[in-house]
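Only one structure is covered here, and it is reproduced in the block below.
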Amino acid sequence: MDTANSTSIQLKKKAKKPVSKINTFLISLYNINKFIIRFFKEAFLPPFEFKEIVRQCYETGVRSFPLISLTGFIVGLIFTKQSRPSLGQFGATSWLPSLVSIAIMRALAPLVTALIAAGKVGSGIGAELGSMRVTEQIDAMEVSGTKPFKFLVCTRVLATTLTIPILATYTGLVAMLGGYINVAVNEGTSFNTFVQEFFDPLTFTDFTSSLIKSIVFGFTIGIVGSYQGYYSTKGTEGVGKAANGAVVTAMFLIFIEEIVIVQMTSWFR
Amino acid sequence: MYKPKAPIDHTNAVITIKGLEKSFDDYHVLRGIDLDLYQGENLVVLGRSGTGKSVLIKIISGLLQADTGSINVLGKDINSITDRELQELRIRIGFSFQNSALYDSMTVRKNLEFPLVRNRKGITRKEIDSAVEEVLEAVGLSQTINQMPSELSGGQRKRIGIARTLILNPEIMLYDEPTAGLDPITCIEINELINEVQEKYKTSSIIITHDLTCAKQTGDRIAMLLDGQFQRQGTFDEVFDTNDERVKPFFDYNFIK
């Protein structure tokens, strides 16, 4: 092959690359939308896989408790500790519980819980379904006349959607405890007073927006993990990619959703 | 011990394929497959790796879609049936996967129960237990009922995979490389099991393999897949009684002449 021809082919390839990347992105977007529509079509029609949903809730929720507890506690403790000097400059350390409560309940608890769950649960879902795909276990379910999508995907997405809000609430409470310890050590505030000051500034909109955020985050973690795993290819390499893709995509979407929901909530305040 | 079978009725085809073609991007795998599988027959599809043998049975079971051609399975045209009809049809077809495809997170019992409880509405606990015991006994592995798939040997996994398909009493069995990765003695045991299944459950089977011992031991008819088409069909001796350079090496390498 002559040099000119070879260069021309290389240029063509280079020119093609961005287009094919956009194509791949658009195809993925279309496929994930189809996947979400399929979830809504199948999840709420009988037969319901109650046992599997409970098992998945246990896997998602109970097994995440130790990590969530530790992270929530540290977030509360550190946030209070780091906020103290700034408030101290204005002699406003008595506002710490209010500041901590607003930061934690409005933003940190749902976000931190979702990010941890994306790493722990989302990657687990991606890897498990990916491994089932490459070892033909999903095909085996399909050829035996069962519905693998309902059993594997719907149950996992429902489980994350149900448990992430519970975990986020728990994270908020544990973070409150962390904040209380810092306040109690420095100001000697009683627990009852701290709790009262903690919940006083919170409004119904705060609780609702946090709940909605957690539900959306939970759904995102479940659907992204399931999508990555369910359609994984290329053997064991594909399993790794599915797990990695589940975490990266879910985290990216969680940040976007956080911005959108915060913006939307601000219209109601 | 396997006994000689009743003669095959060549007027009663359970699978009829005409002009089947399938490509993956630029790779034209199947180039006009015509095939009949008759009631009670064990048909072995032989061919080198990558010739589309597994693709063929995946199309028959609806896991893959053909590009062109008609595929009639148990009186249903695979290309034009609804999802619901396909699901009902699949219950009548057993598919034994190359790597067994047992559900890792479930015990042997749960693996066997899984298709049963989802396809037989209103089945009682007693009936489930009895069906599980029966198929485990049929494959000679009753003692493994509470074991996890990871605790089983390759041969045991194959047997449990076959048991899982038998629990729905299929009319057609599709075996994808049933002896791949097994030692010669286990291979012979699996071949005998395939024949026993055919005899006991009166199934018609397609056995995908490149193992000639398996082909000779299980096949009533052999179909040799070459260049995306069935080039030779007949009994084992008929297929290999040839000087065709594409067929002869296959036989010679298997039996190290």
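The values are calculated or read from the model by the stated rules, or taken from the named source; none is laboratory data. Nothing here was measured: the structure is a model prediction, and the numbers come from that model. Glycine also receives a Cβ, built like all others from the backbone with ideal geometry; neighbour counts cover every protein chain displayed. The accessibility values were calculated without ligands, DNA or RNA, using every heavy atom of the protein model including side chains. Shrake-Rupley method; radii C 1.70, N 1.55, O 1.52, S 1.80 Å.
Of the residues contained in segment A:132-141, one or more are found to be part of a loop (DSSP other than H, G, I, E, B), closer than 30 Å to A:Thr249 by Cα and within 14 Å of chain B (Cβ to nearest Cβ). Taking the listed residues B:Thr235, B:Thr213, B:Thr242, the one that is free of Cβ contacts under 8 Å to residues at least 24 places away in the same chain, open to solvent by 30 Å² or more (accessible area, probe 1.4 Å) and hydroxyl-bearing (Ser, Thr, Tyr) is B:Thr235, with no other qualifying. Only one of the listed residues (A:Ser86, A:Ser101) is in a helix (DSSP H, G or I) and free of Cβ contacts under 8 Å to residues at least 12 places away in the same chain. That residue is A:Ser86. If you go through segment A:144-159 and pick out every residue that is open to solvent by 10 Å² or more (accessible area, probe 1.4 Å) and away from chain B (no Cβ under 12 Å), you end up with 1.
When you look at B:Arg164, is it within 14 Å of another protein chain (Cβ to nearest Cβ), in a helix (DSSP H, G or I) and closer than 19 Å to A:Thr135 by Cβ, yes or no? Spelling it out, B:Arg164 is indeed within 14 Å of another protein chain (Cβ to nearest Cβ), in a helix (DSSP H, G or I) and closer than 19 Å to A:Thr135 by Cβ. The set of residues from segment B:148-158 being of a type in the set (D, E, K, R) and either within 12 Å of chain A (Cβ to nearest Cβ) or over 13 Å from the mean Cα position of the chain (by Cα) (or both) comprises B:Glu151, B:Arg157. One residue alone among B:Ile81, B:Ile60 is at negative phi and without any contact (Cβ under 8 Å) to a residue 24 or more places away in the chain, and that residue is B:Ile81.
For segment B:116-147, taking the residues that are open to solvent by 70 Å² or more (accessible area, probe 1.4 Å) and polar (S, T, N, Q), the one that is nearest to the other protein chains (Cβ to nearest Cβ) is identified as B:Asn146.
Among the conditions (1) over 20 Å from B:Gly94 (Cβ atoms); (2) out of contact with any strand residue (DSSP E or B) (no Cβ under 9 Å at 6 or more places or on another chain); (3) aliphatic (A, V, I, L, M), the only one that B:Ile222 does not satisfy is (2). Would you be able to say whether some residue in segment B:191-201 is in contact (Cβ under 8 Å) with a residue 24 or more places away in the chain, part of a strand (DSSP E or B), touching a Phe, Trp or Tyr at 6+ places or on another chain (Cβ under 8 Å) and crowded, with 16+ Cβ neighbours inside 10 Å? No, every residue in segment B:191-201 fails to be in contact (Cβ under 8 Å) with a residue 24 or more places away in the chain, part of a strand (DSSP E or B), touching a Phe, Trp or Tyr at 6+ places or on another chain (Cβ under 8 Å) and crowded, with 16+ Cβ neighbours inside 10 Å. For beta carbons closer than 8 Å, sequence separation of 6+ or different chains, a first residue in segment A:26-55 that is under 14 Å from A:Gly222 (Cα atoms) and away from chain B (no Cβ under 11 Å) and a second that is not in a loop (DSSP other than H, G, I, E, B) and not hydrophobic (A, V, I, L, M, F, W, C), the qualifying pairs are A:Ile32/A:Tyr227; A:Phe35/A:Ser226; A:Phe35/A:Tyr227; A:Phe35/A:Tyr230; A:Ala43/A:Lys150; A:Ile53/A:Thr155.
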